[in-house]
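The values are calculated or read from the model by the stated rules, or taken from the named source; none is laboratory data. If you're wondering where the values come from, they're calculated on a predicted model, not measured in any experiment. Positions of Cβ are backbone-derived with ideal geometry, glycine not excepted, and every protein chain shown enters the neighbour counts.
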Amino acid sequence: MDNPWTTVNTRVTYDNPWIRVREDQVINPSGGPGIYGVVEFKNRAVGVIPLDEAGHTWLVGQYRYTHHSYEWEIPEGGCPEDEELLDCAKRELLEETGIIAANYELILEDVQLSNSTTNEVACIYVARGLKFAAAQPDANEKIAVKRVSLEEAIEMARDGTIRDGLSVMGLLWLGSQP
């Protein structure tokens, strides 16, 4: 389908190492003038659901500044353009949980997280064949880690205990598999 929007002018209003915010002057699909604000993410989001042979997974808990709340979620982070997605998944899993996995399966790719205001896309891996080392969180992270059954994590996604979109998508996807 053809793009019904016409961009007249673009102005960057904010830029930092992680995001750029721009304001576009547009002609909207009905032919009228308007503005459109877009948050451009400089990293891709990557999530990992580690699974052991007994059917357990690991969640990370941390205070999320933007929502002013403590949240449980799957291990996840940002993947810079110059890093391979799988390498990022391995790095984030080790950093946040201390887990090293032998096998990774990509289950969701290029999922649009909030396509009305951002260009952010994400992918989610399932990691198996787990070994354990020391977690290596970033200096600005205060993370708790807990082991739960996969069924409990899926229920947490269903009942709203887990609210992070990437976590909910990945867990519900796993819960839908035979």
Checklist entry - Which residue out of Asp159, Asp82 is out of contact with any strand residue (DSSP E or B) (no Cβ under 9 Å at 6 or more places or on another chain) and over 24 Å from Asn43 (Cβ atoms)? => result Asp159
Checklist entry - How about region 115-146: which of its residues are closer than 11 Å to Ile74 by Cα and not aliphatic (A, V, I, L, M)? => result Tyr125, Lys146
Checklist entry - Assuming Ala134 fulfils every condition listed in (1) of a type in the set (A, V, I, L, M, F, W, C); (2) touching a residue at least 40 places away in the same chain (Cβ under 8 Å); (3) exposed (fewer than 12 other Cβ atoms within 10 Å of the Cβ) apart from one, which condition is it? => result (2)
Item to check | Answer residue from region 1-51, given it is within 15 Å of the chain's Cα centre (by Cα) and of a type in the set (Val, Ile, Thr) and is surrounded by the most Cβ atoms within 10 Å (Cβ to Cβ) among those | outcome: Val48
Next on the checklist: Could you check region 101-125 and list, in sequence order, the residues that are of a type outside the set (S, T, N, Q) and farther than 30 Å from Arg20 by Cα?
Outcome noted: Ala101, Ala102, Tyr104, Glu105
Item to check | strands (runs of 3 or more DSSP E) wholly inside region 95-171 that include at least 2 residues being under 11 Å from the mean Cα position of the chain (by Cα) | outcome: 99-112, 121-132
Next on the checklist: Condition check: β-branched (Val, Ile, Thr) and not in a strand (DSSP E or B). Does Thr66 satisfy that?
Outcome noted: yes
Item to check | Any chance Gly78 is in contact (Cβ under 8 Å) with a residue 24 or more places away in the chain, over 28 Å from Ser149 (Cβ atoms), assigned by TED's automatic domain parsing to the domain that holds Glu155 and part of a strand (DSSP E or B) | outcome: yes
Next on the checklist: Criterion first (touching a residue at least 60 places away in the same chain (Cβ under 8 Å), of a type in the set (Asp, Glu) and either in contact with a strand residue (DSSP E or B) (Cβ under 9 Å, 6 or more places away or on another chain) or in a helix (DSSP H, G or I) (or both)) does Glu92 satisfy it?
Outcome noted: no
